[in-house]
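The values are calculated or read from the model by the stated rules, or taken from the named source; none is laboratory data. Here the structure is a predicted model, which means the values were calculated and not measured. Cβ: placed from backbone, ideal geometry, glycine included. Neighbour counts: every protein chain shown. With ligands, DNA and RNA removed, areas are computed over all heavy atoms of the protein, side chains included. Shrake-Rupley method; radii C 1.70, N 1.55, O 1.52, S 1.80 Å.
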Amino acid sequence: MIGVYDSGYGGLSVLRELRAVLPRHDFVYLGDSGRAPYGGRDTDTVLDFAEQCVERLFEEGCRLIVVACHTVSCVALRHLQRRYVQGPDSQRRILGVTIPAAEAAVAVSQGHVGVIGTTRTISSGTFAMEIAKLGPHRVSAHAAPLLAPIVEEAWEDSDIARLAVARYVAQFPGIDTLVLACTHYPLLLPAFEAAVGRGVRVLDPSPAVAARLLDWLARHPGYAEEGTGALRVLCTGDPDVFRRHGARFLGAELPAVQHVAEEQGRLAHRDSVRVVLGQVVRDSAPGAKTDPPR
Ligand code: DGL
């Protein structure tokens, strides 16, 4: 069973490619939709959320996890690998999307790669570092913080989406390849292709991620056996909303989505989403000082 983790829906577009090349493998997908977007969050918060999510996937029985989220792959992958995968004999593996995406970009670029992603992905500089290991390409990288929320709203086929994409793309003069380094952006592919104009290739890294995983599994047998092609989906947000919106990213109906939520620093299964009306006052811990009245 292979675990796939993303901050929300976007990784379903990666899962779609993974299932296409591994149709007999079983997958568990965890979308942290209740806490997405991750892209503007500080690095420590991304690390905390990522730890909880991979721990949940290990508890679900996965030994191999693909971090589909570019933000997490760029800032937290090394941390996750160091914390949960000890030594070459470890029974666990955690793979990311940045290296396959960088390799795919270098393979097609004539020399000037554009990288567009979330604020945290771009500020990490990880893409530029990985591309620099592969060749002498010039890299221009810019954040596009409005785009993931537009896709979350299902507004990808709107004037707002086209205008926002065109405005961000204008920041990349001279590139020949534009890497969509955010799981949400493949849904904006028509808007990107219209905005970049002729001679610039827009690259969705998901097929390269799938090809790399296939190759990795052939070289590392035993981390994920073939099954029946089953899919389980967990999310931290509203599971009905996730199931409805998720179909756009997966390109197929989702099974019933299970709800997980943070409980004392870990993600636990919950029967239903807790909806609260009005204010919530927490009980003070025994012995804790109460705030003075204002
Ligand atoms: N999954 C995130 C990524 O690929 C996009 C959305 C977010 O900001 O959480 O970077």
Quiz prompt | Filtered residues of region 56-82 (kept if within 14 Å of the chain's Cα centre (by Cα) and touching a residue at least 24 places away in the same chain (Cβ under 8 Å)) | solution = 65, 66, 67, 68, 69, 70, 71, 72, 73, 74, 75, 76
Quiz item: Looking at 141, 101, which one is within 23 Å of the chain's Cα centre (by Cα), closer than 30 Å to residue 244 by Cα and either within 16 Å of the ligand (Cβ to nearest atom) or not in a helix (DSSP H, G or I) (or both)?
Solution: 101
Practice problem: Give region 144-179 a look and list any residue that's surrounded by 14 or more Cβ atoms within 10 Å (Cβ to Cβ), of a type in the set (D, E, K, R), at pLDDT 95 or above and not in a loop (DSSP other than H, G, I, E, B), or say none. | Solution: 162
Quiz item: Which number in (1) in contact (Cβ under 8 Å) with a residue 12 or more places away in the chain; (2) not in a helix (DSSP H, G or I) marks the one condition that residue 221 misses?
Solution: (1)
Exercise. Please name all residue pairs, on different chains or six or more residues apart, with Cβ atoms under 6 Å, provided the first residue is in region 170-182 and is within 24 Å of residue 69 (Cβ to Cβ) and the second residue is hydroxyl-bearing (Ser, Thr, Tyr) and crowded, with 24+ Cβ neighbours inside 10 Å.
Key: 181/121; 182/118
Self-check item: Whichever residue in region 180-192 is away from the ligand (no atom under 13 Å from the Cβ) and either open to solvent by less than 20 Å² (accessible area, probe 1.4 Å) or over 21 Å from the mean Cα position of the chain (by Cα) (or both) and, among such residues, is farthest from residue 100 (Cα to Cα)
Solution: 191
Quiz prompt | Residue list for region 115-137, filter: over 14 Å from residue 103 (Cα atoms) and more than 11 Å from the ligand (Cβ to nearest atom) | solution = 123, 125
Quiz item: Restricted to region 110-138, and to residues that are in contact with a His (Cβ under 6 Å, 6 or more places away or on another chain) and outside any strand (DSSP E or B), which residue is nearest to residue 78 (Cα to Cα)?
Solution: 121
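Hey, can you tell me all the residues within region 56-76 that are in a loop (DSSP other than H, G, I, E, B), open to solvent by 10 Å² or more (accessible area, probe 1.4 Å) and not charged (D, E, K, R)? Even if it seems obvious, please write down each step before you answer.
Our first condition is that a residue be in a loop (DSSP other than H, G, I, E, B); within region 56-76, this holds for 60-63, 68-69.
Add one more test, that the residue is open to solvent by 10 Å² or more (accessible area, probe 1.4 Å), and what stays is 60-61, 63.
Correct list: 61 only.
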Quiz item: So residue 205 clears everything in (1) within 15 Å of residue 31 (Cβ to Cβ); (2) in contact with a helix residue (DSSP H, G or I) (Cβ under 9 Å, 6 or more places away or on another chain) except one condition, right? Which one?
Solution: (1)
Quiz item: What residue, of 219, 212, is among the basic types (Lys, Arg), closer than 25 Å to residue 64 by Cα, crowded, with 19+ Cβ neighbours inside 10 Å and more than 16 Å from the ligand (Cβ to nearest atom)?
Solution: 212
Exercise. State whether one or more residues within region 15-24 are open to solvent by less than 10 Å² (accessible area, probe 1.4 Å) and within 16 Å of residue 204 (Cβ to Cβ).
Key: yes
Exercise. Could you tell me which of the residues 230, 195 is open to solvent by 20 Å² or more (accessible area, probe 1.4 Å), more than 30 Å from residue 109 (Cα to Cα), at pLDDT 95 or above and hydrophobic (A, V, I, L, M, F, W, C)?
Key: 230
Quiz item: Under 6 Å by Cβ, and 6 or more places apart or on different chains, what pairs join a residue from region 5-34 that is closer than 20 Å to residue 154 by Cα with one that is open to solvent by 40 Å² or more (accessible area, probe 1.4 Å) and more than 10 Å from the ligand (Cβ to nearest atom)?
Solution: 9/245; 16/251
Quiz item: Can you name the residue in region 36-55 that is buried (at least 17 other Cβ atoms within 10 Å of the Cβ) and within 11 Å of the ligand (Cβ to nearest atom) and, of all such residues, is farthest from the chain's Cα centre (by Cα)?
Solution: 41
